[in-house]
Amino acid sequence: TTHLVLMCLQRGRLRFAAEAGSQTIEWLEHSEAASPPIVGSVYGALGLVYYEWDQIEKAREYFQRGIRLGMSSGH
């Protein structure tokens with residue numbers, strides 16, 4: 001999902017990038033299984049989308065979540 005979001009960003013498909021990333025995070029948050037450690041990169045990619053939309057606070061929120069998840073999982 002992270003790669004898909006980043007590719008969409010490069011091509012200017014921000015809405016599709018946001019939808020793909022958000023759906024993945026929503027699915028993971030409602031899943032019975034533990035989220036994989038790499039999910040932090042999805043949060044980071046979504047932060048880039050919101051940064052491009054000039055929604056700085058929301059971008060910061062996603063970046064910080066991504067950093068926390070990455071650090072807690074050793075990435």
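The values are calculated or read from the model by the stated rules, or taken from the named source; none is laboratory data. Just so you know, these numbers come straight off a predicted model, no measurement behind them. When we count neighbours, we look across all protein chains shown, and the Cβ atoms used for this are built from the backbone with ideal geometry, even at glycine. Note: accessible area is taken over every heavy atom of the protein model, side chains too, but ligands, DNA and RNA are not part of it. Shrake-Rupley method; radii C 1.70, N 1.55, O 1.52, S 1.80 Å.
Please list, by residue number, every one of the GluC sites (Glu not before Pro) in the stretch 1-65 that is coil in DSSP and has at most 14 other beta-carbon atoms within 10 Å.
Counting only loop positions with at most 14 other Cβ atoms within 10 Å, the GluC sites (Glu not before Pro) in the stretch 1-65 are Glu32.
Over the chain, what is the mean sequence separation of C-alpha contacts under 8 Å (at least six apart), divided by residue count, expressed as relative contact order in percent?
Over the chain, the number comes to 29 percent.
Given N residues in the stretch 1-42, what is its alpha carbon radius of gyration divided by 2.2 N^0.38 Å?
1.19
If you count only protein heavy atoms with a 1.4 Å probe, what accessible area per residue comes out for the chain, rounded to a whole Å²?
69
At 0.36 nm per residue, minus the direct Cα-Cα distance, what do Ala34 and Ser72 gain on full extension? Give it in nm, one decimal, please.
Roughly 12.3 nm would be gained on extension.
I need the phi-derived Karplus couplings for the stretch 21-27: 6.51 cos²θ - 1.76 cosθ + 1.60, θ = phi - 60°, integer Hz, Gly and Pro marked x.
x, 5, 5, 5, 5, 4, 4
Counting other Cβ atoms within 10 Å, which chymotrypsin sites (Phe, Trp or Tyr not before Pro) in the chain have at most 14 and lie in a DSSP loop?
Loop-located and lightly packed - Trp53.
Kindly write out, for the stretch 6-18 in residue order, the coupling ³J(HN,Hα) from the Karplus curve 6.51 cos²θ - 1.76 cosθ + 1.60 (θ = phi - 60°), rounded to whole Hz, with x marking Gly and Pro.
With the stated coefficients, the stretch 6-18 comes to 5, 5, 5, 4, 4, 9, x, 9, 5, 4, 5, 4, 5 Hz.
Kindly provide the trypsin sites (Lys or Arg not before Pro) of the stretch 3-32 that DSSP labels as loop, not H, G, I, E or B, and whose Cβ sees at most 12 other Cβ atoms within 10 Å.
Of the trypsin sites (Lys or Arg not before Pro), the ones in loops of the stretch 3-32 whose Cβ has at most 12 other Cβ atoms within 10 Å are Arg11.
Could you give me the percent of Cα pairs per 10 Å distance bin for the stretch 5-75, shortest bin first, beginning at zero and ending with the bin that holds the maximum distance?
Using 10 Å bins, I get a P(r) of 23, 52, 24, 2 for the stretch 5-75.
Per DSSP helix of 4 or more residues, -39500 (n - 2.57); summed, then divided by the residues of the chain. What does that give at 222 nm, rounded to the nearest 500?
My calculation for the chain gives -24000 deg cm²/dmol from helical runs alone.
Percent of accessible area on the chain owned by carbon and sulfur, 1.4 Å probe?
Roughly 54 percent, rounded to a whole number.
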